[in-house]
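Written below as structure tokens is the structure these notes are about.
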Amino acid sequence: MGTKEKDITLDIAKRLKAHLLKSDLHHVLMTREDDSTVPLLERVTLVREAKADLFISIHLNYLPKKNTNIIETYYFGPSDDKKTLKLAEQENAGSEYGLSDFTAVVEMLGKTMKLQESKELAESIQENLFLNSRKHTEDIQNHGVKRAPFVVLLGVDVPSILTEVSCLSNREEERELNSESHRENIARYLATGIFNYLNKGVRTHEAKR
């Protein structure tokens, strides 16, 4: 149908921004506001200079050999899965890093707070995306939370995730993605996942006090 990932994800991101700003407690910085290309390392620099607290990267899956609709969410880390490594190689294209550069970085990071918090953020977003999406699409598949060596997640020093919110190669889902209501629902589910993660952190902090 000619639907482009960059158009759908930007629209979802703008809708997510609107949901987050409703609370008056958050400031949202977009890596792009229009149909422009921002290199991976420029995104990392933007996040660092803004001293962001969280980083969310929104994507659509594309699996032409499988007529499926899946949701999955990634945080930075090593992976032995060939599909994940191939995806990371594609996403990292154009950066100064290769997959061979990640081993030392992963060992250096170890079980840092960033990795633990990124995992919790990924779990919250994945749970809300899948459980709510399943109410409308029964055949949607939950591919869970995974680790992957994405450059954009490596360079950011705060909890960061990359989420595949839908599958563009599924014809029925492509039609749905061209619906404003469907994109609005996805943005709302993402916002709920973020709010749940943040509220959990507040509750944990208060309990320690």
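Listing for the model above:
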quantity: Candidate set from the stretch 29-50 (those that are in a loop (DSSP other than H, G, I, E, B) and closer than 21 Å to Phe150 by Cβ); member that is modelled with the lowest pLDDT; calculated: Pro39
quantity: Selection count, the stretch 13-24, where residues are in contact with a helix residue (DSSP H, G or I) (Cβ under 9 Å, 6 or more places away or on another chain) and part of a loop (DSSP other than H, G, I, E, B); calculated: 2
quantity: Subset of the stretch 11-50 [among the small types (Gly, Ala, Ser) and either open to solvent by 70 Å² or more (accessible area, probe 1.4 Å) or over 22 Å from Val165 (Cα atoms) (or both)]; calculated: Ser23, Ala50
quantity: Residue check, Ile8 touching a Leu at 6+ places or on another chain (Cβ under 7 Å), assigned to a helix (DSSP H, G or I) and either open to solvent by less than 70 Å² (accessible area, probe 1.4 Å) or over 15 Å from Val152 (Cβ atoms) (or both); calculated: yes
quantity: Filter result for Leu131 (within 30 Å of Glu42 (Cβ to Cβ), open to solvent by 20 Å² or more (accessible area, probe 1.4 Å) and hydrophobic (A, V, I, L, M, F, W, C)); calculated: no
quantity: Every residue from the stretch 15-39 that is touching a residue at least 60 places away in the same chain (Cβ under 8 Å) and of a type in the set (Lys, Arg); calculated: Arg15
quantity: Tally, over the stretch 112-146, of residues that are closer than 29 Å to Glu172 by Cβ and free of Cβ contacts under 8 Å to residues at least 12 places away in the same chain; calculated: 4
quantity: Conditions (1) under 21 Å from Val47 (Cβ atoms); (2) modelled with pLDDT of 95 or more; (3) in contact with an Asp or Glu (Cβ under 9 Å, 6 or more places away or on another chain): number failed by Val158; calculated: (2)
quantity: Residue that is part of a loop (DSSP other than H, G, I, E, B), hydroxyl-bearing (Ser, Thr, Tyr) and either at pLDDT 95 or above or touching a Pro at 6+ places or on another chain (Cβ under 8 Å) (or both), where the choices are Ser181, Ser118, Ser169, Ser124; calculated: Ser169
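The values are calculated or read from the model by the stated rules, or taken from the named source; none is laboratory data. Just so it is clear, the model here is predicted, and its values are computed rather than measured. Using ideal geometry, Cβ is built from the backbone for each residue, glycine included, and neighbour counts are taken over all protein chains shown. Please note that ligands, DNA and RNA were not included when accessible areas were found on the heavy atoms of the full protein model with its side chains. Shrake-Rupley method; radii C 1.70, N 1.55, O 1.52, S 1.80 Å.
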